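Every number here is computed from the coordinates shown, using simple stated rules; none is lab data. The shown structure was predicted, so the numbers you read here are calculated from the model rather than taken from an experiment. Note that each Cβ is placed from the backbone with ideal geometry, even for glycine, and that neighbours are counted across all protein chains shown.
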């Protein structure tokens, strides 16, 4: 017979509530003396030690704990714990914490010790200290402590006693039935001690494994597998699970990934960083190499009206309950992972080691009746390079009216996708009509969605799994109004796609292996380009087009569901530059992109457009234009010279090493000079120009006798005549003396508002008797005294 | 020749815990010593291991191999698992310490390597104080020792030559020291032995002084300032063979009958750190 007495039974009915902490935290001023707390290590000897409380877990069997004066190891009583049978309606397990909220200074101890026995061989699931229903900052857990039917003493080591200067959680445990049966165990002489034999600390993070993760900027990853291992006095090793606060964490490169005191890694920017840790000054085994690969591309946001959707997994809708997102089907399934990825608040399913995996809604939750739905949707992003032959089959399973598997009324339909639709790192949105899922005889008792790759694709992200009713429409909604009508004068426009202009010839849908569905749709009578399920999409111009005389690229676009969209111009090479467009849009969005933003694309040799990103995109009014007269200011740098530097004598160019020049504006000039930069390229800007002299005299005389050509790039918004004069000072190398010769070339109506390159054979300067002592270069033109002239790349070459 | 080491039982001998009664002046002791049980105070030999590099071969010899070179069955007659080498990976002097390191590596057919040195033919003495300051290694199957053998071993063989084990220890019992004598009629399993358990401490987390004070008709065993055993001729069930010179041995074995083999939890490498070895005789 047992005689039980309940002693100081304090049940926290508000379990799970976090106590407010701010009252406990105060800064210590310079003259303050830190408070000290009792160095009392006793927890339960023959009764509760001063300050000790008992707080069972909220869903546990509250009556599990009692004080037993009959069965005890020493003294007058022991702690008794009655573990309930499986499924006990009063709580199916025993578990509690024993805190002292006054706090104890345990820094002088190295272990919690106690004597224990049980009515049968029992294995306590979790037992330890540091749990206080507050921060659990210094939580320590020993798993699977085996008890015998005899009294034996047990030790749970303190990972780093120096941390425990004010510890609240003195003891805690959680234990369920053994083989469904409850039993009783006793704990006595429970106290913290300085054993002196807790030694050879071997802390570990990630369970001692040197691992690696690939993640995205902004994503947080907790460090798991935090343990401390000691060799105890009896020579045995003990490994305990310990809280992050015992560790000091370090990132090798905080600009790539940081790690906080809670052991949470935050990816910051692209690159690699290695996270390591120490505990009590001892290097922890294990590390993780964090590879940050830039920003995460989210799946397109679903646009279906929630009223028309039955969702399995999406942050955009209320999801139906499921049995699981990964059934871990034995014995052949290798697939790991489930709905355990959260990136910036977006929940994602990540499957790795994929061969097949199923999401089920059948056993513990209702099957789904999707008979009023018309389509199935899922977004899939491969996380690896896709090879020819790789595939992913998506299967939808209905278990029939009996709502059970394998009774003859089960049906299933499937669709297989692969390259080019599946591309590493890009979302593919699968929208499939139930009518296209051959074999699926009914969708009234849907129970599973299964993904099968046969290990051809091993790693994917999955998002936005839902059934929807498209209302008889053509899929996701599009714009109902036409894009704004352009207002630029046709004379200033080179149009690629617009009803407002005559378009240059182009191929709107070259086969680049992309998944995007390209169509031209009429919206409010306006022809509009639609990219459905964009991954990437090209647009090929008919040959090379020179748009260097234009200033801007105009695009009207509309998307409700894209989360990333880039526009590219491509010149031969290919040389391509992306311009990110803000998505999604609210209605039509119009952008006017300065063509300089696409540098270094050669605007004289444009061959293609490209768009990439995701979602459904509507495009219209894609054209290049210049403001009237070509504008007053060049927005692009002069073209980069192509001559080999060895064959060049350069006076002014960022492409070459320049020779000495006395001045780019002699004092006898009639013009103003300003040194400016265009897209980082040094440029001479002359205004109020009648004529300007550039001199290379004395030691700067240029001997261009081995050169064949003179080169200059000019850009003028207003000059109607442009002249170039070269002056050679002759053998005496100085002005006058009777041997000076010169020649001026005149160019009428130079193209305005664009860079014009002059490559002039020196032989054209027929009045120039010699090019061995070139001393002056003079630019002039009309309107006299009113010209604005930008000059770059002034050089001689052969 | 037989090996000195066999599995030992622990015959109860007269356990004299007389530390208080035997406190003497700590003359000649350095400040880091706590040993005060001294009656022999005239230093006759010391190696403080203060010169980095290999051991001083004017005092020490290497015992190499698996014992077969010494005429013993492989495993030094005890089924030990290590192969002794003179490589710096196994034995070196560094930072004021002798490092004897046991490694898990395939070497000459053995799974472990380590080292063993002796002063045979170089430092031999009858009676006196023999002590060493050592931090021990740890783990299942780790077996370090600091011990003496009778110098006439080649003439009379073991155990007739006598053996005094100043320090033996099992890595799996990190607080327990074993001190033993072997002689004719009481060797191996019948040796005269006593264990000492360090209170609230262990031998692998700090340095401890292991020593004997040995005179005519007694050998006192101590650790730090605790005398934990005295063995006299009345305690041995055979001939008292301890009235002749002995030499010193230091070694770190892996596995063997005394400790059993290492297991998956045994951490390698394991190093025995020896701060010094000193020998004293009575002040004349």
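Quick rundown of the values:
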{"quantity": "Contour excess over end-to-end distance, with Cα ends at residue A:743 and residue A:387 and 0.36 nm allotted per residue", "calculated": "121.6 nm"}
{"quantity": "Stokes-Einstein D in µm²/s, Kirkwood radius over Cα pairs - the range A:640-701 at 37 °C with 0.692 mPa s viscosity", "calculated": "252"}
{"quantity": "Diffusion coefficient, µm² s⁻¹, Stokes-Einstein with Kirkwood Rh over alpha-carbon pairs of the range A:375-448 at 10 °C and 1.306 mPa s", "calculated": "118"}
{"quantity": "Potential extension, residue A:323-residue A:162 segment - 0.36 nm per residue separation minus Cα distance", "calculated": "53.4 nm"}
{"quantity": "Taking the range A:425-575 and dividing mean pair separation by its residue count, relative contact order in percent (alpha carbons under 8 Å, at least six apart)", "calculated": "20"}
{"quantity": "Per-pair calculated FRET efficiency, R0 = 45 Å: residue B:263 and residue A:444 via Cβ, rounded to 0.05", "calculated": "0.15"}
{"quantity": "R0 of 60 Å, Cβ-Cβ distance residue A:260-residue A:524: FRET efficiency to nearest 0.05", "calculated": "0.65"}
{"quantity": "Separation in nanometres of the label points that stand 7 Å from Cα toward Cβ, at residue A:213 and residue A:181", "calculated": "4.3"}
{"quantity": "Ellipsoid equivalent to the range A:176-306 - semi-axes via the Cα gyration tensor, in Å", "calculated": "38, 24, 11"}
{"quantity": "For the range A:443-525, average projected area of the Cα convex hull in nm²", "calculated": "10.3"}
{"quantity": "Cα-based radius of gyration of the range A:568-647 once divided by 2.2 N^0.38 Å, which approximates compact folds", "calculated": "1.34"}
{"quantity": "Residue exposure sequence - A:617, A:265 - by fewest surrounding Cβ within 10 Å", "calculated": "A:265, A:617"}
{"quantity": "For the range A:588-627, alpha-carbon Rg and Dmax in angstrom", "calculated": "12.1, 33"}
{"quantity": "Per residue convex hull volume, Cα atoms of the range A:269-324, in Å³", "calculated": "165"}
{"quantity": "Those residues of the range A:598-613 whose amide nitrogen sits under 17 Å from the label point placed on residue A:757, 7 Å along Cα→Cβ", "calculated": "A:599-607"}
{"quantity": "Normalised contact order of the range A:250-386, rounded percent, pairs of Cα under 8 Å and 6 or more residues apart", "calculated": "15"}
{"quantity": "Cα centroid of the range A:428-494 to Cα centroid of the range A:702-727, whole Å", "calculated": "59"}
{"quantity": "For the range A:111-164, alpha-carbon Rg relative to the globular expectation (2.2 N^0.38 Å, N residues)", "calculated": "1.26"}
{"quantity": "Peptide B:262-274 - average C-beta neighbours from other chains (10 Å radius)", "calculated": "1"}
{"quantity": "Backbone N within the range A:550-564 under 16 Å of label point (7 Å from residue A:591 Cα along the Cβ vector)", "calculated": "A:552-564"}
{"quantity": "Linear extension gain, residue B:126 paired with residue B:50, 0.36 nm per residue minus alpha-carbon span", "calculated": "24.7 nm"}
{"quantity": "Base-10 log of normalised Debye intensity for the range B:85-176 (one unit scatterer per alpha-carbon) at q = 0.14, 0.26 Å⁻¹", "calculated": "-0.67, -1.33"}
{"quantity": "Label point distance in nm, residue A:59-residue B:200, each placed 7 Å from Cα along Cα→Cβ", "calculated": "4.4"}
{"quantity": "Cα-only Debye scattering, the range A:62-219: base-10 log of I(q)/I(0) at q = 0.12 Å⁻¹", "calculated": "-0.60"}
{"quantity": "Contact order normalised by residue count of chain B, Cα under 8 Å, 6+ apart, percent", "calculated": "31"}
{"quantity": "Value of Rg/Rh across the range B:137-196 [Cα atoms, Kirkwood radius]", "calculated": "1.04"}
{"quantity": "Within 10 Å of each Cβ in A:188-200, the average number of Cβ atoms from other chains", "calculated": "3"}
{"quantity": "For the range A:75-155, convex hull volume per residue from C-alpha positions, Å³", "calculated": "147"}
{"quantity": "In range of the label at residue A:364: residues from the range A:312-355 whose backbone nitrogen is under 16 Å from the point 7 Å along Cα→Cβ", "calculated": "A:320-329, A:338-340"}
{"quantity": "Spread of Cα-to-Cα distances over 5 Å intervals beginning at zero, given as percent, for the range A:163-251", "calculated": "3, 8, 13, 16, 19, 15, 12, 8, 4, 2, 0"}
{"quantity": "Ascending count of other beta-carbon atoms within 10 Å, so fewest first, for A:172, A:329", "calculated": "A:329, A:172"}
{"quantity": "Dimensionless Rg/Rh of the range A:110-200 - Kirkwood Rh, Rg from C-alpha atoms", "calculated": "0.99"}
{"quantity": "Taking all pairs of distinct alpha-carbon atoms in the range B:156-266, Kirkwood radius in angstrom", "calculated": "15.1"}
{"quantity": "Average beta-carbon neighbours from other chains, 10 Å sphere, peptide A:228-235", "calculated": "5"}
{"quantity": "Taking all pairs of distinct alpha-carbon atoms in the range A:669-722, Kirkwood radius in angstrom", "calculated": "13.7"}
{"quantity": "Relative frequency of Cα-Cα separations exceeding 28 Å in chain B, percent", "calculated": "30"}
{"quantity": "Expected-Rg normalisation [2.2 N^0.38 Å, Cα atoms] applied to the range A:343-473", "calculated": "1.07"}
{"quantity": "10 Å-binned pair-distance histogram of the range A:251-370 (Cα, whole percent)", "calculated": "11, 27, 29, 22, 10, 1"}
{"quantity": "Whether the range B:41-89 is rounded, prolate or oblate, judged on the alpha carbon gyration tensor where a/c under 1.5 counts as rounded", "calculated": "prolate"}
{"quantity": "If the convex hull is drawn through the Cα atoms of the range A:629-783, its volume per residue in Å³", "calculated": "111"}
{"quantity": "Projected area averaged over orientations for the range A:312-358, convex hull of C-alpha atoms, nm²", "calculated": "3.5"}
{"quantity": "Calculated Rg and Dmax of the range A:504-644 using C-alpha coordinates, Å", "calculated": "15.4, 55"}
{"quantity": "Peptide ranges B:52-59, B:40-47, A:63-70 listed from the most packed, as the mean C-beta count within 10 angstrom indicates", "calculated": "A:63-70, B:40-47, B:52-59"}
{"quantity": "Sorted largest first, extent of the protein assembly as shown alpha carbons per principal axis (Å)", "calculated": "129, 96, 66"}
{"quantity": "Spatial separation of Cα centroids for the range B:158-208 and the range A:728-798, in angstrom", "calculated": "104"}
